[in-house]
Amino acid sequence: MRKTFYLLVPVLLLSLIPLDAQAGNSSTSWQIPSKEFNQDTAGFAAPFSAYPGTTISISLTCAAPTYYLTIYRMGFYGGKGAKLVMQTPRQACIKQKEARTDLSKNLVVEKWKVVSRIDSSHLAPGMYLARINASDGHQSFVPFVLKDRVIKNRVVISVPFLTSLAYNTFTGQSAYGKNGDFSNRARVLSFSTPFSEGYGSGIYYFYLQPLLVLIDKLKLDPTFVTDVDIALDPHLLQGAKVLISGGHDEYWTKEERDNVIRAREKGTNLIFFGANAEYWRVRLNHDTPMKDLQMVIYKSKAEDPDKSSPSVKFLDQGLPESKLTYQNYNCFKTKGEFQVSNPGAFIFNGTGAKSGSVYPGIMGPEIDHELTSDTYPGTRYVLNRSYVKCGKYFWDQKSSSTIVLGVIPNEGGTISLGDMNWVERGLTTMAPKTTFAFVTKVSTNILEAAVRGPLGKQQLKVN
């Protein structure tokens, strides 16, 4: 049997290490124990999204004597979640601390040396995590996407790099400030920094990986892009059958929003498997002194020098998220459980759910809901409503979380789950077994309906 040798080409030419017979097998060993994740070991990829054949440069820092990289393609793989496809030789660690800072914007750019270059010529399109394995036991992920040139009639998963960057505290700054001081927040953030969330993977690990495993298990042939790709290429989603947004997809550019709406107008179904999507408007900046890609997010029209397209909430610019998701952000935090109000809805087929059935452990911490005042195209149907209490301290503020379906004649349909924990907990072992089975079946019903064609009235049984 002929062996295939996958190569990682470091900056300095090193001897190549082929994968052995076991290395290509799927394994849960790709995961990082929380005790091994340490900020002294971190890295980022450039570009973080590209087509196979592109050289992916890895810049990293580590404090141990040596490290090596293992590269995983994410998917079902028999329930393991990933497959090892590459491994580098062990080499000396470099402690990299150089940063260029603009204090007026709390902007930090890590101008690090490239230590390894990934030759992606032999890699299939997909979602990848490169894991840094330092000799002191510290580990961290470096995420990147290899795009597929064939998008037509495909299930497309959007990887939210923008939201990952907004919450990134690696440099000590984020879009939320430092040590709880919102006034000290970063107004501009650079992609030339490692992510602090998700063991270095950003939002991906908790809010998208469980959903990817299910989609791959269902053999729906997913392909991947990032939200930045969607923003930069108005034709990227042309012909896509379904566009998937994960559990936390909060930060969008206006261009991404416009391009997604345009795709829906041409027949692409949109599925939002979370809450608080498309909430903050951001801008991308390529023309920078450091030649890095940056995200602009002032969160204040008064502060933002661009008054024509300020980086504030879409809602505050007359662009409510309901025009895209058919409902609006409700609250943080949420107290309550998921309750079935309309067991006849197609999403509950095969679950055994009855009116009033309760599935604990998945509601919140942020939720969406429909309002009679919402603005949206076509017709909106409420498929389910869970009654909860809202407020930071669980005030006696009665409210709800809704699952909605938006239908526009001769266009794609939209389903929004309105619950941030749907993926992070509902599709994982953190949920009770009955809840996990329920969420898996509901998600399966939604996905399989979406790939059959435009979502519309044929799916409806609404009380």
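At-a-glance table
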item	result
Which of 364, 431, 405, positive extreme of dipole for segment 332-435 (C-beta unit charges)	431
C-alpha center-to-center spacing [segment 422-441, segment 258-307] in angstrom	30 Å
Relative contact order (%) - the chain, alpha-carbon pairs under 8 angstrom, separation at least six	13 percent
Cut-off 12 Å between beta-carbons: net charge of the residues surrounding residue 99, Lys and Arg +1, Asp and Glu -1	-1
Label point 7 Å beyond Cα of residue 358 along Cβ direction - residues of segment 321-346 with amide nitrogen under 14 Å	335-341
Area of residue 258 that stays accessible when all protein chains are in place (1.4 Å probe, Å², to 10)	50 Å²
Accessible surface of the chain, 1.4 Å probe, proportion on carbon and sulfur as whole %	51 percent
Rounded Å value of the spacing that divides the Cα centres of segment 76-102 and segment 151-229	16 Å
Sequence-distant residues sharing a close amide H with residue 366 (under 5 Å, placed H)	420, 421
Cβ-based net charge around residue 320, under 10 Å, with every Lys or Arg adding one and every Asp or Glu removing one	-2
Spin-label pair residue 307/residue 57, simplified geometry with 7 Å Cα→Cβ offset, distance in nm	3.9 nm
251, 205, reordered so the largest accessible area comes first (probe 1.4 Å)	205, 251
Gap separating the Cα centres of segment 105-125 and segment 336-351, nearest whole Å	44 Å
Farthest toward positive dipole pole in segment 125-196 [+1 Lys/Arg, -1 Asp/Glu at C-beta], among 150, 165, 184	150
Extension gain (nm, one decimal) between residue 34 and residue 111, 0.36 nm per residue minus Cα-Cα	25.0 nm
Contact order normalised by residue count of segment 22-95, Cα under 8 Å, 6+ apart, percent	37 percent
Accessible surface, per residue, of the chain when the full set of protein chains is kept, probe 1.4 Å, Å²	41 Å²
Prolate/oblate/rounded label for segment 18-174 (Cα gyration tensor, a/c 1.5)	oblate
Partners for residue 398 among lysines (Cα-Cα distance below 16 Å; same-chain residues under 8 apart left out)	333, 335, 389
By average C-beta atoms within 10 angstrom, highest first, the peptides 137-147, 278-288	137-147, 278-288
Contour excess over end-to-end distance, with Cα ends at residue 410 and residue 169 and 0.36 nm allotted per residue	82.4 nm
Hydrodynamic radius by Kirkwood, which averages 1/r over all alpha carbon pairs of the chain, in angstrom	22.7 Å
Residue-by-residue Karplus 3J(HN,Hα) for segment 225-234, coefficients 6.51, -1.76, 1.60, Hz, glycine and proline x	9, 9, 4, 5, 4, 4, 5, 8, 10, x
Kyte-Doolittle at least 0.0, axis length at least 15 Å by Cα - qualifying DSSP helices, the chain	433-452
Protection-proxy order for peptides 71-81, 299-309, 229-239, each taking the mean of Cβ atoms within 10 Å per residue, highest first	71-81, 229-239, 299-309
Net length gained if the chain between residue 398 and residue 176 were fully extended (0.36 nm per residue, minus Cα distance)	77.1 nm
Residue order for 290, 295 - accessible surface, 1.4 angstrom probe, largest first	290, 295
Approximate spin-label separation residue 287-residue 373, in nm, with each point projected 7 Å along Cα-to-Cβ	3.9 nm
Given charges at beta-carbon only (K, R positive; D, E negative), |dipole| of the chain in Debye	680 debye
Positive-end residue, the chain charge dipole about Cα centroid, Cβ charges, pick of 138, 310, 82	82
At R0 = 51 Å, FRET efficiency that the Cβ-Cβ distance of residue 149 and residue 434 yields, to 0.05	0.75
Residue 99 paired with residue 258, simple spin-label distance in nm, labels 7 Å along Cα-to-beta-carbon	3.5 nm
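The values are calculated or read from the model by the stated rules, or taken from the named source; none is laboratory data. These numbers come from a predicted model, not from an experiment. Positions of Cβ are backbone-derived with ideal geometry, glycine not excepted, and every protein chain shown enters the neighbour counts. Side chains are part of the model used for accessible areas, which takes the heavy atoms of the whole protein and leaves out ligands, DNA and RNA. Shrake-Rupley method; radii C 1.70, N 1.55, O 1.52, S 1.80 Å.
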